[in-house]
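Remarks on the structure that follows.
The values are calculated or read from the model by the stated rules, or taken from the named source; none is laboratory data. Small disclaimer: the values here were computed from a predicted structure and weren't measured. Neighbour counts are summed over all protein chains in view; Cβ atoms, including those assigned to glycine, are modelled from backbone coordinates with ideal geometry. With ligands, DNA and RNA removed, areas are computed over all heavy atoms of the protein, side chains included. Shrake-Rupley method; radii C 1.70, N 1.55, O 1.52, S 1.80 Å.
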Amino acid sequence: MQRSRPARPKAAARSAEEARAVTTQDIGKLRSYTQEALEQVKAYVTSLEDDNLDDVIDTSWTPHVTRGVRLVSIFDDAAQHLGAANQQAKMTE
């Protein structure tokens, strides 16, 4: 099966320098932000019917991307970022 990937939108690209510029000294605000984001994700996911997971939501990829596949991708990405943040926090303790 051939897979092709569209060019990454400029807005999605971040340099290492831009990523390092995102900092916080208030872990409470970061925790609150993360919890609120998780609540919004839960609300969205629980609003879906099983059939919604098969909806094609992005035709710019081959094969086309379904809502279910995109959600798994988003969850995986978030878990990797949270793991990296946790590791970084442990190294700076």
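Laid out as a table, the results:
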{"read-out": "Residue match in region 81-90 (condition: at pLDDT below 95 and among the basic types (Lys, Arg))", "value": "yes"}
{"read-out": "Set Ala16, Ala37, Ala11: member being modelled with pLDDT under 85 and open to solvent by less than 70 Å² (accessible area, probe 1.4 Å)", "value": "Ala16"}
{"read-out": "Hits in region 42-76 (condition: in a helix (DSSP H, G or I), charged (D, E, K, R) and open to solvent by 80 Å² or more (accessible area, probe 1.4 Å))", "value": "Lys42, Asp50, Asp51, Asp54, Asp76"}
{"read-out": "Meets criteria (without any contact (Cβ under 8 Å) to a residue 24 or more places away in the chain, exposed (fewer than 11 other Cβ atoms within 10 Å of the Cβ), among the β-branched types (Val, Ile, Thr) and assigned to a helix (DSSP H, G or I)) for Thr23", "value": "no"}
{"read-out": "Contacts under 9 angstrom Cβ, first residue in region 63-87 being over 18 Å from Lys42 (Cα atoms), partner of a type in the set (S, T, N, Q) and at pLDDT 90 or above, 6 or more apart", "value": "Val65/Thr59; Val65/Ser73"}
